[in-house]
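First up is the structure itself, then whatever we jot down about it.
The values are calculated or read from the model by the stated rules, or taken from the named source; none is laboratory data. Because the structure is predicted, anything quoted here is derived from the model rather than measured. Backbone-built Cβ (ideal geometry, glycine too); neighbour counts: all protein chains shown. Just so you know, the surface numbers come from the protein's heavy atoms only, side chains and all, with ligands and any DNA or RNA stripped out. Shrake-Rupley method; radii C 1.70, N 1.55, O 1.52, S 1.80 Å.
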Amino acid sequence: MIRHVVKFPHAALKTVAKPVEKVTPQILELLDDMLETMYADKGCGLAANQINLLSRMIVMDCSEKHDSPVKLINPEIVWHSEEQIIVKEGCLSFPGACVEVQRHKSVRVKYLDTTGKTQEKTFEAVWAICAQHEIDHINGITFLDYLSKQEQRQILERMKNKV
Ligand SMILES: [Zn+2]
């Protein structure tokens, strides 16, 4: 089911999401909904906060063919490279906005998979950027938080003109 994606400044985007205690059929259904919503909106990542659900879950697919969905429950960055890269990022909660953020080039993420097992996976380049962006979301952080007050104002002005 496609869910409504909340837009900034919705309170859910500023709230720290709670850990998922148990991977239930309902959780799996929500993850499917998140992926469906993300694909429908042509995004490459979505965090539960963005559909006003305050649970620590993210989905991603940074592949060219959009055929490599990833579902991460309670994701946590356990290692990151020293090397950083800057990529222009979009966000489904900030329609039309495009922001440059400096992030780690690779990150290792610990998470629960859809069977409830603990896993670790290393993400590189665009996948690593996306993972950092989405994990920020479940911590109540958006890319706006990396910008100066003046840059924030510019982005929000531009968003207003789009609506
Ligand atoms: Zn986002």
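Overview of values
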| quantity | calculated |
| --- | --- |
| Label-point separation in nm, Glu29 to Gln152, each point 7 Å along Cα→Cβ | 3.8 nm |
| Carbon/sulfur fraction of accessible area - the chain, other protein chains in place, 1.4 Å, % | 51 percent |
| Separation in nanometres of the label points that stand 7 Å from Cα toward Cβ, at Thr15 and Leu53 | 1.4 nm |
| Full-extension gain in nm, Ile85 to Gln102, via 0.36 nm per residue minus C-alpha separation | 5.6 nm |
| Nearest 10 degrees, 0 to 90: helix 125-138 Cα axis against the chain principal axis | 90 degrees |
| Of Trp79, Ser148, Gly43, farthest towards positive along the dipole that unit charges on Lys, Arg, Asp, Glu beta carbons give the stretch 11-162 | Ser148 |
| Area accessible to solvent at Ile51, 1.4 Å probe radius, in Å² | 20 Å² |
| Karplus-derived HN-Hα couplings along the stretch 21-38 (A = 6.51, B = -1.76, C = 1.60, θ = phi - 60°), whole Hz, x at Gly and Pro | 7, 8, 7, 9, x, 5, 5, 5, 5, 5, 5, 5, 4, 4, 5, 4, 5, 4 |
| Most positive-pole-ward Cα, Phe94, Gln26, Val59, against dipole of the chain from beta carbon charges | Phe94 |
| From phi via Karplus (6.51, -1.76, 1.60), per-residue ³J(HN,Hα) for the stretch 97-105 in Hz, x at Gly/Pro | 8, 9, 10, 8, 10, 7, 9, 5, 6 |
| Kirkwood-Stokes translational diffusion coefficient of the stretch 11-162, alpha-carbon pairs, 4 °C, 1.567 mPa s, µm²/s | 82 µm²/s |
| In Hz, Karplus ³J(HN,Hα) per residue of the stretch 9-14 (6.51, -1.76, 1.60; θ = phi - 60°; x = Gly, Pro) | x, 4, 4, 4, 6, 10 |
| Per residue, in Å², the accessible surface of the chain once ligands and nucleic acids are set aside, probe 1.4 Å | 55 Å² |
| Magnitude of the charge dipole, the stretch 28-163, Cβ model with Lys/Arg +1 and Asp/Glu -1, debye to 20 | 340 debye |
| DSSP bridge orientation in the chain - percent antiparallel, rounded to nearest 5 | 95 percent |
